[in-house]
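The values are calculated or read from the model by the stated rules, or taken from the named source; none is laboratory data. Worth saying up front: this structure is predicted, and the values here are computed from it rather than measured. A quick note on method: Cβ atoms are made from the backbone with ideal geometry, for glycine too, and the neighbour counts reach across all protein chains shown.
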Amino acid sequence: MVKFILSICFFFSILSLVSCTQESSRTEFALGTFCHITLFEQEQDKVYNDVFARIHEIENLMSVNISSSDVSRVNAAAGIEPVQVHEETFAVIKLALHYAKLSGGAFDPTVGSLVSLWGIGGGRPRVPFQEEIDETLPLVNWQYVVLDEETRSVFLTHHGMALDLGAIAKGYAADEAAAVIRNSGVERAIINLGGNILTCGERKDGKPWRVGVQNPNDDRNKYIGILQVTEKSVVTSGVYERFFEKDGRRYHHIFSPESGYPADSGLLSVTITAPFSIDADALATAVFVLGYERGSALIESLAETEAVFIFSDLCVKKTSGADFSLTDKTFRLE
């Protein structure tokens, strides 16, 4: 019997959000998760309306679950013809391919057919037969995506290929939400798109925001330590986000494009901090698949980008510039 567990709670605890004379928040469901926006000292319904309108606009362009979206249209034409897409969809796909190249394919936006095969995140997850995986893997190859800058078109060269921007579009939406908030004159806010967190401004007392990193072994939103950030995004990829269990084994939603199975890198989660959420989003997936050695080397090569790694043996490691302190002594920081 398959036990399916889908957790869409917030995977970060925002700590010490300084007491304000006025604070408000709003939550809506979009991009397959609960999106929670908090504005400090300036409650404006119009700002919330504009922010969520922008998030839904991005969802309508990039969701694989909306048949009229750019991504769905590209997938439907795989192996047939190029499809012209909106400018921002083109830009997100282009950046996704950049991270695919940078990570040596560990991050691959063409995992759509593999995601569909496993069904994790849907109502009927299953472990595919090896033959099915073997047939699907040749369709997972970011180098088979052809972009035409002049026509702003996207072409998947093989029939059956499918883009899935789930590991980068939410980050883009967070950045765009922040742009709407800043343009409205609101200086301090927290954007939480199902665990993709972006901080705007700093605390009222001038100190960094304190973000709790989720304990991957605890489903009650408990944290193991605290990251301090200012004007940065914090994004985690982990085995606890979406998964199902069969015959005592957990199968999570972060796939290895090489094996066709959920990535097994010895990690329970990777948390990335970066100035832009779109970058942190893509890197969280890439580094989780790469594992600690190659993943930390990648992060150390990038400016203003840090990572916290939680291993299956409860060891915790961080990159050189990560402002992280461990609070749960069940884990050990090395």
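Overview of values
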read-out: Residue 293 vs. criteria outside any strand (DSSP E or B), of a type outside the set (A, V, I, L, M, F, W, C), at pLDDT 95 or above and within 19 Å of residue 199 (Cβ to Cβ); value: no
read-out: Among (1) surrounded by fewer than 19 Cβ atoms within 10 Å (Cβ to Cβ); (2) of a type outside the set (A, V, I, L, M); (3) modelled with pLDDT under 90, the one test that residue 252 misses; value: (1)
read-out: Segment 228-241, subset part of a loop (DSSP other than H, G, I, E, B) and modelled with pLDDT of 85 or more, residue farthest from residue 113 (Cα to Cα); value: 230
read-out: Residues within segment 58-76 that are of a type in the set (Ser, Thr, Tyr) and touching a residue at least 24 places away in the same chain (Cβ under 8 Å), tallied; value: 1
read-out: Residues of segment 156-188 classified as at pLDDT 95 or above, aliphatic (A, V, I, L, M) and over 16 Å from residue 58 (Cβ atoms), total; value: 3
read-out: Qualifying positions in segment 141-157 - loosely packed, with under 15 Cβ neighbours inside 10 Å and either over 14 Å from residue 81 (Cβ atoms) or out of contact with any Phe, Trp or Tyr (no Cβ under 7 Å at 6 or more places or on another chain) (or both); value: 143, 148, 149, 150, 151
read-out: When residues of segment 242-258 are limited to those that are free of Cβ contacts under 8 Å to residues at least 24 places away in the same chain and in a loop (DSSP other than H, G, I, E, B), the one nearest to residue 317 (Cα to Cα); value: 248
read-out: Filter result for the condition that a residue is touching a residue at least 24 places away in the same chain (Cβ under 8 Å) and at positive phi, over 152, 126; value: 152
read-out: Residue match in segment 71-80 (condition: among the polar types (S, T, N, Q) and farther than 24 Å from residue 291 by Cβ); value: yes
read-out: Hits in segment 138-162 - residues which are of a type in the set (S, T, N, Q), within 22 Å of the chain's Cα centre (by Cα) and in a loop (DSSP other than H, G, I, E, B); value: 141
read-out: Where residue 181 falls short, out of the listed (1) part of a helix (DSSP H, G or I); (2) without any contact (Cβ under 8 Å) to a residue 60 or more places away in the chain; (3) touching a Cys at 6+ places or on another chain (Cβ under 9 Å); value: (2)
read-out: Subset of segment 264-287 [touching a residue at least 40 places away in the same chain (Cβ under 8 Å) and hydrophobic (A, V, I, L, M, F, W, C)]; value: 267, 268, 270, 274, 276, 278, 280, 282, 283, 284, 286, 287
read-out: Residue match in segment 277-286 (condition: closer than 30 Å to residue 132 by Cα, crowded, with 23+ Cβ neighbours inside 10 Å, hydrophobic (A, V, I, L, M, F, W, C) and in contact with a strand residue (DSSP E or B) (Cβ under 7 Å, 6 or more places away or on another chain)); value: yes
read-out: Residue in segment 215-224 that is within 16 Å of the chain's Cα centre (by Cα), among the aliphatic types (A, V, I, L, M) and farther than 27 Å from residue 45 by Cα present; value: no
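Rundown of residues vs (1) in contact with a Leu (Cβ under 8 Å, 6 or more places away or on another chain); (2) of a type in the set (Ser, Thr, Tyr); (3) outside any strand (DSSP E or B); (4) at pLDDT below 95, yes/no style:
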{"position": "260", "(1), (2), (3), (4)": "yes, no, yes, yes"}
{"position": "281", "(1), (2), (3), (4)": "no, no, yes, no"}
{"position": "286", "(1), (2), (3), (4)": "yes, no, yes, no"}
{"position": "299", "(1), (2), (3), (4)": "yes, no, yes, no"}
{"position": "316", "(1), (2), (3), (4)": "yes, no, no, no"}
{"position": "322", "(1), (2), (3), (4)": "yes, no, yes, no"}
{"position": "329", "(1), (2), (3), (4)": "no, no, yes, yes"}
